[in-house]
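Please treat every number below as a calculation from the coordinates, not as lab data. Everything numeric in this text was worked out from a predicted model, so none of it was measured. For neighbour counting, all protein chains shown are included, and Cβ atoms are generated from backbone atoms with ideal geometry for every residue, glycine included.
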Amino acid sequence: MSSPETENHRYTALGTDEVHLWSAPLDVRADKLAALSRVLDREERDRALRFRFELDRVRWTAARGWLRHLLASYLGTEPAEVRFSQCSPGKPRLAARSHWLRFNVSHSADMVAIAVAHSREVGIDLESTRGGGSAEVVPLRFLSEREQAALVRLSGQTRRRKSLQFWTGKEAYLKAVGLGLRGPVAELDVALPLEQRSGVMAEHVGIPGDWSLHTFDAGPDYVGAVVVQGLRARVPVAARPMQLAEGNGR
């Protein structure tokens with residue numbers, strides 16, 4: 001798999017049985033932020049300006065810029081030419097409704113993670129594990145009985161990380177099926193699939209079809225999960241770092 005580039009003659013290939021996972025930093029140098037901001041459209045720039053805090057504005061701008069550069073590398077176009085539409089809450093698509101390229105984005109703290117798939121729905125969630133305390137991060141009311149039971153014997157950072165593993169699995173699934181957090185979070189049990197490391201979730205919460213749940217390595221301070229439509233897609237065990245092409249702020 002080649003690294004994402006922005007020139008038209010550079011192209012990232014994606015097989016129909018593949019899912020690609022990418023990650024990138026959001027706290028970037030001023031020159032790189034300028035390069036990422038330059039490819040945004042007017043609506044995206046206006047949205048960035050509405051953030052109350054500068055750090056949030058910078059991170060959202062960087063995440064959107066990285067996404068445009070990445071998708072452009074699959075489409076063989078320029079990042080500024082990528083067009084989006086919103087098909088469901090929290091799940092953007094490319095403007096061409098029948099387009100083969102599917103993607104989903106999550107960012108937490110100073111990192112963004114992006115999943116890309118060919119003609120199959122995909123959802124991704126990333127959560128930072130930074131922070132102290134012995135309590136779980138995810139309120140128990142959002143966890144199933146099995147998930148709550150799995151936390152009983154754990155404490156400290158181990159409990160925190162396991163709690164976030166459950167949450168990322170749930171959110172990745174709900175994003176994949178287009179429900180977002182409107183879905184019945186507590187009824188969605190991901191404990192068993194996560195124990196199997198790459199498990200199958202079939203017909204959860206009344207949504208037809210088979211979905212596979214995978215964890216991935218996004219670094220020592222993060223927990224990540226991706227849910228893919230179908231059971232045969234090849235999903236990497238780690239997200240690959242993105243880079244900008246020469247002359248674009250590297």
**Fill in**
Note, the stretch 103-119: 3J(HN,Hα) by Karplus (6.51, -1.76, 1.60, θ = phi - 60°), whole Hz, Gly/Pro = x, goes 8, 8, 10, 9, 9, 8, 6, 10, 9, 10, 10, 10, 10, 10, 9, 9, 6
**Request:** Would you kindly state how much longer the chain becomes between L181 and A80 on full extension, computed as 0.36 nm times their sequence separation minus their alpha carbon distance, in nm to one decimal?
**Result:** 33.4 nm
**Fill in**
In nanometres, the difference between 0.36 nm per residue of separation and the alpha-carbon distance of D210 and R240 is 8.2 nm
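What's the exposure ranking of S85, S163, going from fewest to most Cβ atoms within 10 Å? The partial results should precede the final answer.
Working: S85 11, S163 26.
Ranking S85, S163 by Cβ neighbours within 10 Å, fewest first, gives S85, S163.
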**Prompt:** Stretch T158-R42 to full length: gain in nm at 0.36 nm per residue minus the Cα-Cα span?
**Reply:** 37.4 nm
**Message:** If I model a spin label at R130 and D221 as a point 7 Å from the Cα along the Cα→Cβ vector, what separation in nanometres do I get?
**Reply:** 0.3 nm
**Prompt:** Using the count of nearby Cβ atoms within 10 Å as a rough guide to exposure, how do K175, K91, K32 rank from fewest to most?
**Reply:** K32, K91, K175
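Could you pull out the chymotrypsin sites (Phe, Trp or Tyr not before Pro) across the stretch 29-74 that fall in loop regions by DSSP (anything but H, G, I, E, B) with no more than 10 other Cβ atoms inside 10 Å? It would help to have the intermediate numbers written out before the result.
Values: sites: F51, F53, W60, W66, Y74; in loops: F51, F53.
When the chymotrypsin sites (Phe, Trp or Tyr not before Pro) of the stretch 29-74 are filtered for loop state and at most 10 Cβ neighbours within 10 Å, F53 remain.
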**Asked** Hey, fewest Cβ within 10 Å first, where do W167, W100 land in order?
**Response** W100, W167
**Prompt:** Separation between the R50 and L101 pseudo-spin-labels, each 7 Å from Cα along Cα→Cβ, expressed in nm?
**Reply:** 2.5 nm
**Request:** May I ask for the percentage of alpha-carbon pairs in the stretch 19-241 that lie more than 31 Å from each other?
**Result:** 21 percent
